[in-house]
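A short worksheet on the structure shown next.
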Amino acid sequence: MNKKETKDYVDERISNKLYSKIHIYEYEASYYFKNRHVGLAGIDNEQVMSLAFDAIRNLRVWRRIENLILTNWKK
């Protein structure tokens, strides 16, 4: 691989990893909020809400990372 191919490969991998992480946390937040009153695996509503808010915090972190990366790539 030459330098350009290597750079393209790394950029594509970063993009895929960001997409994957963001998608995982979007799914988790959606899942926990949809099922917050059902009682997941015998845990109470407080614990489910804690899991949902944790997923939201992680989602915000990964979206911020994506934003920082995309703004620095354009420079």
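Data for the structure
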quantity: Long-range lysine pairs (8 or more apart or interchain), the chain, Cα under 17 Å; calculated: 4
quantity: For Asp54, Asp44, order by how many other beta-carbon atoms lie within 10 Å, fewest first; calculated: Asp44, Asp54
quantity: Total formal charge among the other residues, if their Cβ is under 15 angstrom from that of Trp62, Lys/Arg +1 and Asp/Glu -1; calculated: +2
quantity: Angle in degrees between helix 45-73 and the longest Cα principal axis of the chain, rounded to the nearest 10; calculated: 10
quantity: Summed residue charge, Cβ within 14 Å of His23's Cβ, Lys/Arg positive, Asp/Glu negative; calculated: 0
quantity: Packing-based exposure ordering (other Cβ within 10 Å, fewest first) of His23, His37; calculated: His37, His23
quantity: Radius of gyration, Dmax [the chain; alpha carbons; angstrom]; calculated: 17.1, 55
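Readers should treat all values here as calculations from the given coordinates under stated rules, not as data from a laboratory. Treat the numbers as computed from the prediction; the structure is a model and nothing was measured. Because the Cβ atoms are built from the backbone with ideal geometry, glycine has one as well, and the counts that use them run over all protein chains shown.
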